[in-house]
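In what follows, a structure is listed as structure tokens, so that the remarks can point back to it.
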Amino acid sequence: MNLDERCNAVEECYEFMLAYAAQGLDTDSGSQSGTQIREFLRRSVTALTGIAEAIAATGLQPSAFIAVVDRDARDSLAAIELVLAQPAISSQLIDNLNASIHLRALLTDLFLLDEILKLRNIVHAVS
């Protein structure tokens, strides 16, 4: 999974979580959204595992930022895995995950990284 695919998986999960949280569900069983929430969360786990290496492969400098993203990814992974371990995933639980400072920091990191890489590709295309 390349960095772009990893970022997209995390962003798509977050967007789905916003919609899921708005549904007011007590549990994830018995609905299509309930099945999907676990799938989106698992994709995020896969995307976040090894994300620092994927960023490093882009040649991004300084490496101190990679360490920040790695820490934020590990913190977010811990929260996501905690949610996945629950026998039921309610809309309220997902709403609380959405509000997690760890997940918000990670998303901000990924948005920043995405813009930097876009600018870098523009500069390389012009040169």
**Item:** Subset of segment 83-98 [closer than 24 Å to Leu3 by Cα and surrounded by fewer than 17 Cβ atoms within 10 Å (Cβ to Cβ)]
**Value:** Leu84, Asn98
**Prompt:** Quick check: is even one residue across segment 39-46 small (Gly, Ala, Ser) and surrounded by fewer than 20 Cβ atoms within 10 Å (Cβ to Cβ)?
**Reply:** no
**Asked** Quick one: Thr58 ticks every box in (1) closer than 19 Å to Met1 by Cβ; (2) in a helix (DSSP H, G or I) bar one, so which box is it?
**Response** (2)
**Prompt:** Could we say that Ala78 is modelled with pLDDT of 95 or more, in contact with an Asp or Glu (Cβ under 6 Å, 6 or more places away or on another chain) and assigned to a helix (DSSP H, G or I) here?
**Reply:** no
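The values are calculated or read from the model by the stated rules, or taken from the named source; none is laboratory data. This is a predicted model, so every value here is computed, not measured. For neighbour counting, all protein chains shown are included, and Cβ atoms are generated from backbone atoms with ideal geometry for every residue, glycine included.
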